[in-house]
Amino acid sequence: MDEPRTPRLVSVGYEGRDAQELTEYLKGARVDVLIDVRLNPISRKPGLSKTRLAQNLRSNGIQYIHYRELGNPKDNREGFRSGDLSAHERFREILREDDAERALGHVSELLDCEVVALLCFEQDHASCHRGLVAEALAEKVPALAIDRV
């Protein structure tokens, strides 16, 4: 009998990476699905905006899904990065909204059989809102393993 698979989430930022480096990292981490948690999935870095990123990932066998419902509003980002507790609480409130709950529910379903990555800009998981997205998923998915990159 097969051992049950441990659900695995990879939290990754593309800061300091180009599109090729990101793709190679995701392939090496055996990611099946990338969840883009940027509110607006645009980037000045070539290949890291939504359409080109999705095409590149698809050609490398990785599914791309954008959930703007899991994005941090622009006016909350600076406070979040600086560790302002009210900015963190505001984002936790966003994660409790119906649209965010539905998105989290879908991601938790994907974790049943896929290796899922959360993507945003910040390299440091702890200074990015995706850390709170990962926490919310850990509450929904027992024994979730989180790789923080």
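The values are calculated or read from the model by the stated rules, or taken from the named source; none is laboratory data. Computed from a predicted model, the values in this text were never measured in an experiment. Cβ coordinates were reconstructed from backbone atoms using ideal geometry, including for glycine residues, and neighbour counts include every protein chain displayed.
Looking only at segment 50-73, decide whether some residue is of a type in the set (Gly, Ala, Ser), surrounded by 12 or more Cβ atoms within 10 Å (Cβ to Cβ) and not in a helix (DSSP H, G or I). Yes, because at least one residue in segment 50-73 is of a type in the set (Gly, Ala, Ser), surrounded by 12 or more Cβ atoms within 10 Å (Cβ to Cβ) and not in a helix (DSSP H, G or I). Once segment 89-113 is narrowed to residues that are of a type outside the set (Gly, Ala, Ser) and buried (at least 16 other Cβ atoms within 10 Å of the Cβ), the residue that is farthest from the chain's Cα centre (by Cα) is 90.
Against the condition hydrophobic (A, V, I, L, M, F, W, C) and either within 17 Å of residue 127 (Cβ to Cβ) or modelled with pLDDT under 95 (or both), how does residue 70 come out, does it pass? So residue 70 fits the description; yes. A single entry from 44, 38, 30, 77 fulfils the requirement of being basic (Lys, Arg), crowded, with 18+ Cβ neighbours inside 10 Å and in a loop (DSSP other than H, G, I, E, B): 38. Can you tell me which residue within segment 28-49, out of those that are more than 21 Å from residue 134 (Cβ to Cβ) and not small (Gly, Ala, Ser), is nearest to the chain's Cα centre (by Cα)? Looking at residues that are more than 21 Å from residue 134 (Cβ to Cβ) and not small (Gly, Ala, Ser), I get 42.
Can you find a residue that is assigned to a strand (DSSP E or B) and in contact (Cβ under 8 Å) with a residue 60 or more places away in the chain anywhere in segment 128-146? Yes: one or more hits. Out of 11, 43, one residue alone is in contact (Cβ under 8 Å) with a residue 12 or more places away in the chain and within 14 Å of residue 117 (Cα to Cα). It is 11. Whenever a residue of segment 91-110 is farther than 12 Å from residue 139 by Cα, its partners that are among the charged types (D, E, K, R) and surrounded by 12 or more Cβ atoms within 10 Å (Cβ to Cβ), lying with C-beta atoms within less than 7 angstrom and at least six residues away or across chains, give the pairs 99/69; 100/69; 103/69.
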